[in-house]
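The values are calculated or read from the model by the stated rules, or taken from the named source; none is laboratory data. All values derive from a computational prediction rather than experimental measurement. Reconstructed Cβ throughout: ideal geometry from the backbone, glycine too, with neighbour counts over all protein chains shown. Heads up: the accessible areas ignore ligands, DNA and RNA and are worked out on the full protein's heavy atoms, side chains in. Shrake-Rupley method; radii C 1.70, N 1.55, O 1.52, S 1.80 Å.
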Amino acid sequence: MIPFLDLHGVNQEFEASFKKEFQQFLDSGYYVLGNQVKTFENDFAKFCNANYCIGVGNGLDALRLILEGYKTLHKINVGDEVLVAANTFIATIIAIKQAGLVPVLVEAEEDTFNFDLKVLESKISAKTKAIMPVHLYGQLAPMKALKVLATKYNLLLIEDAAQAHGAMNEEGKRAGNLGDAAGFSFYPSKNLGALGDGGAVTTNNEALATAIKKLRNYGSSKKYEHEFLGINSRLDEIQAAFLKLKLPSLDKHNRARQAIAKTYLANIKNQKIKLPKYNDSKNHVFHLFVVQVEDRSTFTDYLEANNIGYLIHYPIAPHHQSALPEYQSLSFPVTEKIHKQVISLPMSPVMTEQQVRRVIKVLNEY
Ligand SMILES: *Cc1c(COP(=O)(O)O)cnc(C)c1O
């Protein structure tokens with residue numbers, strides 16, 4: 001069996017250092033918002049070349065707290081509209097709704113799985129205050145074009161970078177430093193994953209960083225003094241310690257993912273399987289390698305029969321989810337087609353060459 005993702009394998013190279021770090025953590029008796037979180041925040045800010053990083057409980061809260069932070073700065077108000085990809089993972093949309101804002105779904109573009117920019121501009125209204133692009137599957141959203149639109153219409157540009165840790169544009173700028181603020185998730189399966197939940201916000205905006213630091217901790221920076229009605233969403237010390245140990249290997253892991261993607265792209269030759277577009281740059285860190293097939297159930301039966309792991313990201317479009325009844329009547333043909341046809345192949349930095357070859361062989365024989 002070739003697993004879709006061997007998480008135990010991914011973390012194996014860190015086991016000895018994790019154990020050592022865990023013993024120190026036990027010895028310290030300090031569990032929440034201490035030096036480990038501070039150290040990781042500094043390391044991750046430096047990695048993204050952003051001025052500030054704030055560790056939070058998970059990726060959903062990272063996105064939500066960015067919006068809540070802008071509300072305290074009166075840059076956004078309850079009821080304002082935020083443009084978001086119709087084909088994103090539902091967390092992006094939930095974050096906007098939890099902050100009391102209105103997600104306006106924007107149709108996708110088939111080749112990049114990202115915003116259709118023409119449609120995006122047509123959705124900008126007097127109530128629009130922000131664009132929230134997602135670097136879906138690990139590929140940077142068209143940030144340059146989005147920045148032009150954001151400047152033209154005076155909108156905030158907030159990255160959902162939960163799938164794109166380390167991705168870099170042609171100028172060497174990384175996800176997390178391509179807009180006004182960015183939300184990251186350290187869910188175990190992400191390119192930089194903790195051993196549990198975790199997340200972070202990066203930004204160059206000092207006022208926003210200061211607000212989010214309070215908002216993640218009951219709206220307080222001084223014990224028992226509460227400036228805002230914040231939430232409880234703190235990155236755990238132990239998760240920060242694990243992440244600190246893994247961060248120096250992130251680029252190496254992303255290069256391994258890119259090498260596998262290149263091998264897939266050069267060798268999978270099958271009319272029935274549509275491959276993702278990739279320009280061989282660092283702008284895609286292949287959180288997922290997503291192909292498209294017309295008859296997906298036949299294809300998944302075939303993969304199962306051949307012991308090839310796979311997942312579907314995602315089987316149901318957000319506007320068809322029961323949780324979002326107000327969007328049910330909308331139609332997004334490209335988004336719907338993507339949800340019908342996508343399938344994610346095995347991808348991880350610890351896949352062996354033999355495993356990659358076997359996936360290719362099985363796909364070519366389909
Ligand atoms: C994982 C993910 C999130 C949410 O992260 P959690 O840590 O699971 O809350 C948000 N957006 C995208 C695109 C994601 O992939």
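A few remarks follow.
- Burial ranking of peptide ranges 316-327, 189-200 (average Cβ count within 10 Å, highest at the top): 189-200, 316-327
- Residue-wise HN-Hα couplings along the stretch 325-342, as the Karplus relation 6.51 cos²θ - 1.76 cosθ + 1.60 with θ = phi - 60° gives them from phi, are x, 5, 9, 4, 7, 6, 10, 10, x, 5, 4, 5, 5, 4, 5, 7, 10, 6 Hz; Gly and Pro carry x.
- Summing Cβ point charges (Lys, Arg +1; Asp, Glu -1) relative to the Cα centre of the chain gives a dipole of roughly 500 debye.
- Amide H contacts under 5 Å for Asn114, placed H, 5+ residues apart: Glu109
- The phi torsions of the stretch 118-133, fed into the Karplus equation with coefficients 6.51, -1.76 and 1.60 and a -60° offset, translate into couplings of 5, 5, 4, 5, 5, 8, 6, 10, 5, 8, 5, 10, 8, 10, 10, x Hz, rounded to whole numbers, with Gly and Pro shown as x.
- J(HN,Hα) series, the stretch 203-217, from Karplus relation 6.51 cos²θ - 1.76 cosθ + 1.60, nearest Hz, glycine and proline x: 6, 9, 8, 5, 5, 5, 4, 4, 5, 5, 4, 6, 4, 6, 10
- Remark on Val106: its backbone amide H falls under 5 Å from those of Val84, Ala85, Ala86, a criterion applied only to residues 5 or more positions apart or on other chains, H modelled at 1.01 Å from N.
- Rounded to the nearest 20 debye, dipole of the stretch 236-325 from Cβ charges on Lys, Arg, Asp, Glu: 480
- In terms of overall dimensions, the C-alpha atoms belonging to the chain reach 65, 54, 40 Å along their principal axes, ordered largest to smallest.
- Most to least packed among 4-12, 96-104, 154-162, 54-62 [average Cβ atoms within 10 Å]: 54-62, 154-162, 96-104, 4-12
- Mean accessible surface per residue for the chain, computed with a 1.4 Å probe while every protein chain stays in place, in Å²: 44
- The lysines within cross-link reach of Lys269, meaning a Cα-to-Cα straight distance under 20 Å and a gap of 8 or more places when in the same chain, are Lys277, Lys361.
- Val350 sits among other residues whose Cβ lies under 11 Å from its own Cβ, and their net charge, with Lys and Arg +1 and Asp and Glu -1, is -1.
- In the stretch 18-76 the Cα-Cα distances spread across 5 Å bins starting at 0 as 4, 15, 16, 21, 19, 13, 6, 3, 2, 0 percent of all pairs.
- Scanning residues 5 or more positions from Asn51 or on other chains, those with amide H under 5 Å from its amide H are Thr203, Asn204, with H placed 1.01 Å from N in the peptide plane.
- Projecting the Cα atoms of Phe332, Leu275, His313 onto the charge dipole of the stretch 272-366 (Cβ charges, centred on the Cα centre) puts Leu275 farthest toward the positive pole.
- Candidates Phe113, Phe25, Phe242: whichever shows maximal mean-square fluctuation once the chain is modelled as a Gaussian network with Cα springs under 10 Å: Phe25
- Here the accessible area of the chain is 51 percent carbon and sulfur, with a 1.4 angstrom probe and all protein chains present.
- Taking the helices alone, the chain has a mean residue ellipticity at 222 nm of -12000 deg cm²/dmol, built from -39,500 (n - 2.57) per DSSP H run of at least 4 residues and averaged over all its residues.
- Working ranking of peptides 342-351, 261-270 by packing, defined as the average number of other Cβ atoms within 10 Å per residue, highest first, is 342-351, 261-270.
- Inter-centroid distance (Cα atoms) of the stretch 1-74 relative to the stretch 195-209, Å: 10
- Here the convex hull built on the C-alpha positions of the stretch 208-366 has a volume of 195 cubic angstrom per residue.
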